[in-house]
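Each value in this text was obtained by applying a stated rule to the coordinates, not by laboratory testing. All values derive from a computational prediction rather than experimental measurement. Here the Cβ positions follow ideal geometry from the backbone for every residue, glycine too, while neighbour counts run over all protein chains shown.
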Amino acid sequence: MLFSQIAHGDETLRAKCIAFVSTQVIANAAELLHPHPDVEEFLRDQILTVLNDVTGHEFRVFMNMLMSLKIFQTNEAAQELVNIIADQSGLNEPFKVCV
């Protein structure tokens, strides 16, 4: 429900939901997320769904959230973060030369 509000809510509600997730959920990650890898994976999946339409600030907030998850502490998982950044920045698109 929270990520649905982030994806489809008005700007004020969206900002409040992002602030809640980034402060309350991540601050309590040890109790809420880390004992349950499937919950971390669910959070990752939800974040990835909203990354298609975020501001630069929101992108940084979500990336910080992803980096704080234990599932992203391996080299292979870190590569997934690099791929997310490349996709978001458009580095996978062909370079267009303007003259």
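Some notes on this structure:
- On the stretch given as the stretch 9-20, residues that are surrounded by 11 or more Cβ atoms within 10 Å (Cβ to Cβ) and either more than 17 Å from MET63 (Cβ to Cβ) or free of Cβ contacts under 8 Å to residues at least 24 places away in the same chain (or both) total 8.
- Selected residue [in a helix (DSSP H, G or I), over 19 Å from GLN5 (Cα atoms) and acidic (Asp, Glu)] from GLU80, GLU58: GLU80
- Restricting attention to the stretch 21-52, the residues that are assigned to a helix (DSSP H, G or I) and loosely packed, with under 14 Cβ neighbours inside 10 Å total 12.
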